[in-house]
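Single-structure report; data block below.
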Amino acid sequence: MSRVTRFAARDPGPAARISGFIAHLRDNGMRLGVAETSLALSALCEVEAISPETSHQALKAVCTSCKEEAEKFGALFDSYWMDMGRVKQKIVQTAASDGSDCVHSSRDAHDEDGKGSGSSSTPDGSDGQAESDGEGLLIATKVSNLMHKDLRDIVDTDDIAEAEKVARKLGAALRDRRSRRRVAALKGDRLHFRKIIRASLATGGEPLKLMKKHRPDRPRKIVALCDVSGSMTIYSKVFLAFLMGLMKGDPTADAYLFHTRLVRITEALRDKDTKRAVGRMSLMADGFGGGSQIGPSIARFAKSYAKRFVDGRSVVLILSDGYDTSPPAVMGSALAHLKKRGCKIIWLNPLKGWRDYAPVADGMTAALPYLDLFCAANTLADLSVLDREVISI
Amino acid sequence: MTWNNLQTALADSGYIASDDLSVAIHLSITLGRPLLLEGAAGVGKTQLASSLATQRSSRLIRLQCYEGLDAAQAIYEWNYQRQLLSIRAAAEDGETGQSVEARIFSREFLLERPLLAAITQKTPPVLLIDEIDRADEEFEAYLLEILSEFQVTIPELGTITATSKPIVILTSNGTRDLSDALRRRCLYAYVDYPSRETELAILSARCPAVETRLRVQIVGFVQKLREEDLEKVPGIAETLDFAAALMGLGIADLTSNPAALQNTLSTLLKTQSDRAHITSEVAGRIAGRSV
């Protein structure tokens with residue numbers, strides 16, 4: 001029996017099927033527009049579309065645009081066009097929840113793009129490493145408090161004013177990255193021939209005035225990812241104030257919070273009214289103080305927002321203690337993915353300020369090779385001296 | 001020409017393309033879309049462009065990308081020295097300013113760089129934009145106009161539209177993510193390390209002098225070597241070098257001379273740690289298994 005999907009008799013024809021297929025790909029996370037649909041149709045006119053293999057190859061060339069998409073294209077193609085032979089295999093078992101049996105929730109904690117699913121019943125357990133010195137208990141009780149607490153009680157306005165100064169200073173230190181592309185300038189190291197020729201026309205070919213060009217300093221964009229999971233609650237006062245200050249001081253900065261989910265808070269923090277901004281942030285950070293999934297959160301960031309907001313001129317600041325409930329390999333590959341955008345990655349770890357601290361948490365060890373700078377940051381004072389260190393990267 | 005014919009024609013000019021890749025090239029030619037090739041270094045992305053140019057007997061225009069590449073090096077530049085001389089000469093002849101200006105900003109004084117050269121050919125050339133991931137985001141933005149409209153706008157001269165649409169091939173090693181805007185203008189193919197059969201075919205096409213027995217051994221050895229945990233996995237270019245080295249040393253059997261095998265490994269392993277990892281014993285074991 002042929003595996004090819006049998007379409008309904010009232011099916012309007014190939015064009016509709018192709019647009020159905022493109023919609024199917026779109027549903028599965030590929031970004032395709034109307035232009036791709038028409039391109040796919042004209043591509044099929046150029047090959048023997050009667051052969052499933054050839055159609056597969058042609059549509060693959062048109063619809064995919066990176067290695068990951070090319071890899072998953074086969075399955076997506078089969079599920080749409082080769083439906084008949086695969087009916088049995090399509091019964092996909094959903095991943096068993098790794099949460100405890102005592103907790104039953106009708107609602108799964110889904111992230112903003114509706115793909116990966118976090119389990120709402122997973123507490124902040126990180127292989128016992130976080131709790132080794134008795135801090136764990138303290139944090140655990142704090143978690144329950146904070147669950148009902150408003151972020152407005154944590155962040156106070158004076159801190160934000162202070163943090164704004166710190167963030168401005170840091171921003172200024174990170175600012176300059178020399179561009180290789182020259183632009184016209186009064187004082188420069190090279191002659192701007194195009195301008196000189198234009199000007200010398202007036203003086204009969206005698207270049208009296210020499211215009212210059214130089215390599216300008218281009219601003220860097222700061223992208224901050226702040227961990228607000230349970231183990232970080234005692235530091236969030238500082239970090240959230242820092243984020244607020246950063247957003248106020250630098251109009252191009254970008255900020256995100258994560259615990260088990262990732263949420264973009266840039267828009268909320270741009271609110272002129274500080275109190276309201278914190279209020280909006282606390283609404284968005286629903287689940288604040290819960291478990292931490294650093295690796296998956298960074299992976300999600302690298303796959304979604306980073307494509308739009310991170311480029312070679314960005315500096316990604318990660319504010320986290322590195323205690324991750326997910327496997328360290330996830331963290332490694334997520335950071336490798338992020339690093340591919342060409343950005344610099346700075347990790348500010350509050351625990352590093354402790355005496356005898358070594359980055360032994362598995363997640364932290366996996367992250368180290370990808371970091372351009374790994375620093376301590378407990379208090380605003382720590383953050384304010386950071387600008388001396390970031391100059392070197 | 002169907003894609004099968006294209007595949008055979010490419011094979012005749014010494015390039016063995018997989019079915020996926022052949023369909024993608026075929027579509028890129030017939031639909032007039034640029035083709036973006038991604039894959040590890042040394043899997044034959046650049047070679048494809050030159051083989052395609054040979055097969056179509058058209059010109060290959062190559063633009064090697066690097067950080068800071070700008071319009072002056074990629075698209076066009078005015079010939080400033082000539083312009084200066086011409087202005088001086090015109091001043092002595094008493095030519096009016098306007099006619100001088102019209103003359104020195106004409107095509108005559110324009111230096112064509114690869115991208116402009118590619119769209120002003122009489123017959124469609126193959127334009128290879130190599131390692132686009134090395135150029136920066138600004139350069140990607142320059143490329144967008146050229147790749148979608150096939151035209152270049154020069155402020156002094158106006159818009160130059162393509163006399164013939166080049167076949168555009170972009171390659172990327174994936175050191176940096178490319179922008180979605182660029183990706184969606186291109187057809188895409190991922191070039192992977194070749195399968196055993198493909199690599200045998202490539203070796204027999206490129207190094208016909210190697211005997212069948214040794215050829216099977218070489219391909220088996222390299223395929224096994226790729227499964228090892230290496231920093232830089234050897235590509236097809238390395239396989240061909242390896243075969244040439246063995247031929248040059250007159251080795252007919254990989255297992256017969258471990259010392260010579262270890263010496264020729266410098267063609268396959270390109271980092272110190274990889275060399276240290278594949279010791280003589282390991283190489284011997286792999287060679288023994290590869291028959």
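The values are calculated or read from the model by the stated rules, or taken from the named source; none is laboratory data. Everything numeric here is computed off the predicted structure, so don't read it as measured data. Cβ sites come from the backbone with ideal geometry, for glycine too, and all protein chains shown count toward neighbours.
Considering every residue within region B:44-64, establish whether at least one is facing chain A (nearest Cβ under 8 Å) and under 29 Å from B:Asp136 (Cβ atoms).
Checking region B:44-64: not a single residue is facing chain A (nearest Cβ under 8 Å) and under 29 Å from B:Asp136 (Cβ atoms).
Considering region A:4-33 alone, what residues qualify as being modelled with pLDDT of 90 or more and within 14 Å of chain B (Cβ to nearest Cβ)?
If the condition is that a residue be modelled with pLDDT of 90 or more and within 14 Å of chain B (Cβ to nearest Cβ), then A:Ile22, A:Leu25, A:Arg26 are the ones that fit.
Every residue in region B:117-143 that is among the charged types (D, E, K, R) and part of a helix (DSSP H, G or I), please. Talk me through it step by step, then tell me what you get.
Residues of region B:117-143 that are among the charged types (D, E, K, R), as a first pass: B:122, B:130-131, B:133-134, B:136-138, B:140.
Correct list: B:Asp133, B:Arg134, B:Glu137, B:Glu138, B:Glu140.
Give the residue, chosen from A:Leu225, A:Leu210, A:Leu191, that is modelled with pLDDT of 85 or more, in contact with a helix residue (DSSP H, G or I) (Cβ under 7 Å, 6 or more places away or on another chain), surrounded by fewer than 17 Cβ atoms within 10 Å (Cβ to Cβ) and hydrophobic (A, V, I, L, M, F, W, C). Working first, answer last.
Numbers: A:Leu225 fails: surrounded by fewer than 17 Cβ atoms within 10 Å (Cβ to Cβ); A:Leu191 fails: in contact with a helix residue (DSSP H, G or I) (Cβ under 7 Å, 6 or more places away or on another chain).
Only one candidate passes the filter, namely A:Leu210.
Name the pairs whose Cβ atoms lie under 9 Å apart, with the first residue in region B:146-175 and closer than 22 Å to B:Thr46 by Cβ and among the acidic types (Asp, Glu), the second at pLDDT below 90 and surrounded by fewer than 17 Cβ atoms within 10 Å (Cβ to Cβ), and 6 or more positions between them or separate chains?
none
Among residues belonging to region B:166-191 that are farther than 18 Å from A:Gly33 by Cβ and surrounded by fewer than 17 Cβ atoms within 10 Å (Cβ to Cβ), point out the one that is farthest from the chain's Cα centre (by Cα). Working first, answer last.
Filtering region B:166-191 for residues farther than 18 Å from A:Gly33 by Cβ gives B:166-177, B:189-191.
Of the ones still in play, those that are also surrounded by fewer than 17 Cβ atoms within 10 Å (Cβ to Cβ) are B:174-175.
Details: B:Gly174: 14, B:Thr175: 16 Å.
Ranking the candidates gives B:Thr175 first.
Quick check on region B:81-102. Is at least one of its residues loosely packed, with under 14 Cβ neighbours inside 10 Å, outside the structural domain of B:Gly158 (by TED's automatic domain parsing), among the small types (Gly, Ala, Ser) and outside any helix (DSSP H, G or I)?
The answer is yes, given that some residue of region B:81-102 is loosely packed, with under 14 Cβ neighbours inside 10 Å, outside the structural domain of B:Gly158 (by TED's automatic domain parsing), among the small types (Gly, Ala, Ser) and outside any helix (DSSP H, G or I).
I'd like the full set of residues that are more than 18 Å from the chain's Cα centre (by Cα) and touching a residue at least 12 places away in the same chain (Cβ under 8 Å), limited to region B:108-137.
B:Phe109, B:Leu110, B:Leu111, B:Glu112, B:Leu116, B:Ile119, B:Thr120, B:Gln121, B:Lys122, B:Thr123, B:Asp136, B:Glu137
Residue by residue through region A:303-327, note down the ones that are under 16 Å from A:His259 (Cα atoms) and either in contact with a Gly (Cβ under 6 Å, 6 or more places away or on another chain) or not assigned by TED's automatic domain parsing to the domain that holds A:Asp250 (or both).
First pass over region A:303-327, keeping only residues under 16 Å from A:His259 (Cα atoms): A:317-327.
Scanning region A:303-327 gives A:Gly322, A:Asp324, A:Thr325, A:Ser326.
Considering only region B:70-79, I want to know if a residue exists there that is buried (at least 18 other Cβ atoms within 10 Å of the Cβ) and part of a loop (DSSP other than H, G, I, E, B).
Checked region B:70-79: at least one residue is buried (at least 18 other Cβ atoms within 10 Å of the Cβ) and part of a loop (DSSP other than H, G, I, E, B).
For A:Lys169, indicate whether it is in the same structural domain as A:Thr379 (by TED's automatic domain parsing) and either outside any loop (DSSP other than H, G, I, E, B) or hydrophobic (A, V, I, L, M, F, W, C) (or both). First the steps, then the outcome.
On the way: in the same structural domain as A:Thr379 (by TED's automatic domain parsing): yes; either outside any loop (DSSP other than H, G, I, E, B) or hydrophobic (A, V, I, L, M, F, W, C) (or both): yes.
It is true that A:Lys169 is in the same structural domain as A:Thr379 (by TED's automatic domain parsing) and either outside any loop (DSSP other than H, G, I, E, B) or hydrophobic (A, V, I, L, M, F, W, C) (or both).
Take the residues in region B:144-166 that are part of a helix (DSSP H, G or I) and of a type in the set (A, V, I, L, M); name whichever of them is farthest from the other protein chains (Cβ to nearest Cβ).
Narrowing region B:144-166 to residues part of a helix (DSSP H, G or I): B:144-149.
Still in the list and also of a type in the set (A, V, I, L, M): B:144, B:146-147.
Values: B:Leu144: 14, B:Ile146: 18, B:Leu147: 14 Å.
Across region B:144-166, the extreme among qualifying residues is B:Ile146.
Just a yes or no: is a residue in region A:253-270 more than 18 Å from the chain's Cα centre (by Cα) and in the same structural domain as A:Asp324 (by TED's automatic domain parsing)?
So the first thing to find is which residues in region A:253-270 are more than 18 Å from the chain's Cα centre (by Cα), and the list is A:270.
Applying the additional criterion that residues be in the same structural domain as A:Asp324 (by TED's automatic domain parsing) yields A:270.
Within region A:253-270, one or more residues are more than 18 Å from the chain's Cα centre (by Cα) and in the same structural domain as A:Asp324 (by TED's automatic domain parsing).
So which of A:Lys352, A:Lys339, A:Lys303, A:Lys344 is in contact with a Cys (Cβ under 8 Å, 6 or more places away or on another chain) and of a type in the set (Lys, Arg)? Give the steps one after another, and end with the answer.
Working: A:Lys339 fails: in contact with a Cys (Cβ under 8 Å, 6 or more places away or on another chain); A:Lys303 fails: in contact with a Cys (Cβ under 8 Å, 6 or more places away or on another chain); A:Lys344 fails: in contact with a Cys (Cβ under 8 Å, 6 or more places away or on another chain).
None of the others qualify; the one that does is A:Lys352.
State whether one or more residues within region A:48-70 are away from chain B (no Cβ under 14 Å), assigned to a helix (DSSP H, G or I) and modelled with pLDDT of 90 or more. Give the steps one after another, and end with the answer.
Taking region A:48-70 as the starting set, the residues that turn out to be away from chain B (no Cβ under 14 Å) are none.
Within region A:48-70, none of the residues are away from chain B (no Cβ under 14 Å), assigned to a helix (DSSP H, G or I) and modelled with pLDDT of 90 or more.
When the residues of region A:36-47 are narrowed to those that are within 8 Å of chain B (Cβ to nearest Cβ) and part of a helix (DSSP H, G or I), which ends up surrounded by the fewest Cβ atoms within 10 Å (Cβ to Cβ)?
Our first condition is that a residue be within 8 Å of chain B (Cβ to nearest Cβ); within region A:36-47, this holds for A:36, A:39, A:42-43, A:46-47.
Retained after the next criterion (residues that are part of a helix (DSSP H, G or I)): A:36, A:39, A:42-43, A:46.
Details: A:Glu36: 21, A:Leu39: 21, A:Ser42: 13, A:Ala43: 28, A:Glu46: 16.
Residue satisfying both the conditions and the ranking: A:Ser42.
For region B:65-100: of the residues being at the interface with another protein chain (Cβ under 9 Å from one of its Cβ atoms) and touching a Leu at 6+ places or on another chain (Cβ under 7 Å), which is nearest to B:Ser172 (Cα to Cα)?
For region B:65-100, the residue satisfying everything is B:Glu77.
Report whether or not A:Gly312 is part of a loop (DSSP other than H, G, I, E, B) and within 14 Å of chain B (Cβ to nearest Cβ). Walk me through it before giving the result.
Working: part of a loop (DSSP other than H, G, I, E, B): yes; within 14 Å of chain B (Cβ to nearest Cβ): yes.
Answer is yes for this residue.
Tally up the residues in region B:240-254 that are within 11 Å of B:Ile218 (Cα to Cα) and loosely packed, with under 15 Cβ neighbours inside 10 Å, please.
Looking only at that region, the number is 2.
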